[in-house]
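Everything below concerns the one structure shown next.
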Amino acid sequence: MKEERARGRRSRIDRGGDTPPEAPELPTGKAFVLQLSRATGPALEPFTGRVEHLASGRRLRFESFAAFQAAVIRLLTDTKRNRDEGDPGR
């Protein structure tokens, strides 16, 4: 089974730029927890809650799907910037 997963990873057409082929498909540095508010119903209206970046522990609240997307982008950008500047933490 392990060999099948490895073969599947190598057969991916696009890995997104300069990502090495041995990089995990779902890296832990891009893991998030999504917590929806009590008001959010099955139709995801209103889409409000909090998103937490597991690697850094940083959390942001959002009040719409667009704000959720912006929060994830901000968390990933800040994490990349900190990593590039040599700050392994937040």
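The values are calculated or read from the model by the stated rules, or taken from the named source; none is laboratory data. A quick note: this is a predicted structure, and the numbers were derived from the prediction, not measured. Please note: Cβ atoms are built from the backbone with ideal geometry, for glycine as well, and neighbour counts cover all protein chains shown. All accessible areas refer to the heavy atoms of the entire protein, side chains included, with ligands and DNA or RNA removed. Shrake-Rupley method; radii C 1.70, N 1.55, O 1.52, S 1.80 Å.
Count, please, the residues in segment 48-66 that happen to be of a type in the set (Phe, Trp, Tyr) and closer than 14 Å to ARG38 by Cα. I'd like the intermediate steps shown before the answer.
At the first step, the residues of segment 48-66 found to be of a type in the set (Phe, Trp, Tyr) are 62, 65.
Keeping just the survivors that are closer than 14 Å to ARG38 by Cα gives 62.
Total meeting the criteria: 1.
Given the criteria open to solvent by less than 100 Å² (accessible area, probe 1.4 Å), modelled with pLDDT of 95 or more and among the charged types (D, E, K, R), does ARG58 qualify? Talk me through it step by step, then tell me what you get.
Details: open to solvent by less than 100 Å² (accessible area, probe 1.4 Å): yes; modelled with pLDDT of 95 or more: yes; among the charged types (D, E, K, R): yes.
Considered against the rule, which asks whether it is open to solvent by less than 100 Å² (accessible area, probe 1.4 Å), modelled with pLDDT of 95 or more and among the charged types (D, E, K, R), ARG58 comes out as yes.
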Report summary line: Taking segment 61-84 and keeping only residues that are exposed (fewer than 13 other Cβ atoms within 10 Å of the Cβ), among the polar types (S, T, N, Q) and over 11 Å from the mean Cα position of the chain (by Cα), one is left with SER64
**Report entry** Residues that are at pLDDT 95 or above and within 17 Å of ASN82 (Cα to Cα), drawn from segment 42-55
**Finding:** GLU52, HIS53, LEU54
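Considering segment 49-75 alone, what residues qualify as being among the basic types (Lys, Arg) and not in a helix (DSSP H, G or I)? Full working, then the answer.
Here is the first cut: in segment 49-75, the ones among the basic types (Lys, Arg) are 50, 58-59, 61, 74.
Those that are among the basic types (Lys, Arg) and not in a helix (DSSP H, G or I): ARG50, ARG58, ARG59, ARG61.
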Requested in this report: Give the residues of segment 27-49 that are open to solvent by less than 70 Å² (accessible area, probe 1.4 Å) and under 20 Å from THR79 (Cα atoms), sorted by residue number.
Outcome: PRO27, GLY29, ALA31, PHE32, VAL33
